[in-house]
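Single-structure report; data block below.
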Amino acid sequence: MTIRNLFAGVTLGAVMVAGGAHAASHARDTFIREQDQNGDGVVTKEEYAATRSLQFARTDTNGDGMLSQAEYIAEFKARLEKTLAGSDRTSEKKAEERERQMRQADVRFHVLDSDKSGAISRAEFDYSGWRMFVHHDTNEDGVVSAADPVKDNQQT
């Protein structure tokens, strides 16, 4: 199944669910913990589509259907600051982490803006998310769970 087919099928069948949305993690178990909105240990395509939809809507603060660089960076910075506030790192280490993460957020914005329009469209946002879903759905059963074998180059 291609990513485009997966995306098309999920978009048509997506339903909204309650709960927070997070950026898709590169680690399978973290991905499940962050995206499993009903607590069953499984992330379905519909569940993931719903959390991505919520995240896009919350990040698109002006409601124009596009994520400007300022919107994208502001959303990321708010999550980063929350994480850093709960960290026991020194203020110097927090400042270093903040600087590094914010540089990476800027790089990610430009990568996600694949058509170089200066904004991330809903399609660009969704495509990046589905790449991560497919990355974790290693047994290709349409859900991400502990049953998905972790590839050698992939974290749990």
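The values are calculated or read from the model by the stated rules, or taken from the named source; none is laboratory data. Keep in mind that this is a model prediction, so the values were computed, not measured. Because the Cβ atoms are built from the backbone with ideal geometry, glycine has one as well, and the counts that use them run over all protein chains shown. SASA here: full protein model, heavy atoms, side chains in, ligands and nucleic acids out. Shrake-Rupley method; radii C 1.70, N 1.55, O 1.52, S 1.80 Å.
Leaving out ligands, DNA and RNA, and with a 1.4 Å probe, what % of the accessible surface on the range 96-156 is carbon or sulfur? Provide the component values of the computation, followed by the final result.
Values: 1730 of 3520 Å².
Roughly 49 percent of what the probe reaches on the range 96-156 is carbon or sulfur.
Given N residues in the range 28-138, what is Rg(Cα) / (2.2 N^0.38 Å)? Don't skip to the answer; put the middle values down first.
Values: Rg = 15.2 Å, N = 111, 2.2 N^0.38 = 13.2 Å.
In units of the 2.2 N^0.38 Å rule of thumb, it is 1.16.
Set the Förster radius R0 to 41 Å, insert the Cβ-Cβ distance between residue 30 and residue 64 as r into 1/(1 + (r/R0)^6), and round the FRET efficiency to 0.05. Working shown, then result.
On the way: r = 31 Å, r/R0 = 0.76.
So the FRET efficiency works out to roughly 0.85.
Once phi is turned into ³J(HN,Hα) by the Karplus curve 6.51 cos²θ - 1.76 cosθ + 1.60 with θ = phi - 60°, what whole-Hz value does each residue of the range 50-64 show in order, with x for glycine and proline?
With coefficients 6.51, -1.76 and 1.60, one gets 5, 5, 5, 4, 4, 5, 4, 4, 5, 6, 7, 5, 8, x, 8 Hz.
Rounded to the nearest whole Å², what accessible area per residue is found for the range 28-138 with the 1.4 Å probe? Don't jump to the answer; show the numbers that get you there.
Details: 5910 Å² over 111 residues.
The answer is 53 Å² per residue.
Report the gain in length on full extension from residue 90 to residue 123: 0.36 nm times residue separation, minus Cα-Cα distance, nm rounded to one decimal. Could you put the intermediate results ahead of the total?
Values: separation 33, 0.36 × 33 = 11.88 nm, distance 3.94 nm.
Here the answer is 7.9 nm.
Of the listed pairs 45/94; 45/77; 45/116, which have alpha-carbon separations greater than 31 Å here? Provide the component values of the computation, followed by the final result.
Numbers: 45/94 35 Å; 45/77 27 Å; 45/116 28 Å.
As for pairs spanning more than 31 Å Cα to Cα, those are 45/94.
In nm, to one decimal, how far is the modelled label at residue 114 from the one at residue 134, with both set 7 Å along Cα→Cβ?
Inter-label distance under the simple model: 0.9 nm.
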